[in-house]
Amino acid sequence: MTIRLIAAMARNGVIGKQGRLPWSIPEDSKHFLSAVEGGTCISGRRSYEELGRAIPGAGLHIVLSKQQDLTYPDAMVRPNLGDAMMAALESGRPIWMCGGADVYQRTFPIAEEFWATHIDADVEGDVYFPDGWQDHFQHEASRHSSSDANFRYDFVVYRRTP
């Protein structure tokens, strides 16, 4: 089963600001939803709660949380990454790590691909994609370059470094 990270990040590494994405890029949102459609998405509790629901179109959403009594109507809750991975593997669906920063950091060693949207801008934020990802992944393909009224951005796929 292929395990992938998926994230959009600014040139300065920002991935979030006050619980939200610090940009609105409709094409990136469509790209994200199309990629994870039918798959299993794993995210941290804060990332899930910032969205307010399971990722639309995902076949299964697993939320990592140590809060034992936590439940969501549209997502499975697991206390640690190992339990989440077991549930994800049992689903038989492609596995997508959908944030936040801690989930990304902990899955660098097991992910085979990283699907990145690189936004060509430095933006203000309070959550950053973890440093060191370049040690785990190498550029495989640029899928698409585009821009809108506010940002230029690239969709890039990285594969695990051999």
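Odds and ends about this structure:
- Spatial offset of the range 59-103 relative to the range 104-129 amounts to 19 Å, using the alpha carbon center of each.
- If R0 equals 35 Å, the separation of the Cβ atoms of D122 and R160 corresponds to a calculated FRET efficiency of about 0.80.
- Estimated translational D of the chain in µm²/s (Stokes, Kirkwood radius over Cα pairs; 10 °C; 1.306 mPa s): 100
- Over the chain: helical MRE at 222 nm, DSSP H runs n ≥ 4 each giving -39500 (n - 2.57), nearest 500: -6500 deg cm²/dmol
- The chain: antiparallel DSSP beta bridges as a percent of all, rounded to 5: 50
- Listed values for the range 31-48 are Karplus-derived 3J(HN,Hα) couplings in whole Hz (6.51 cos²θ - 1.76 cosθ + 1.60, θ = phi - 60°), namely 4, 4, 5, 5, 5, 8, 3, x, x, 9, 9, 10, 9, x, 4, 5, 4, 4, and x replaces Gly and Pro.
- Under Karplus coefficients 6.51, -1.76 and 1.60, residue-wise ³J(HN,Hα) of the range 94-104 in Hz, glycine/proline x: x, 10, 10, 8, 10, x, x, 4, 5, 4, 4
None of the figures in this text is laboratory data; all of them are computed from the coordinates on show. Small disclaimer: the values here were computed from a predicted structure and weren't measured. Because the Cβ atoms are built from the backbone with ideal geometry, glycine has one as well, and the counts that use them run over all protein chains shown.
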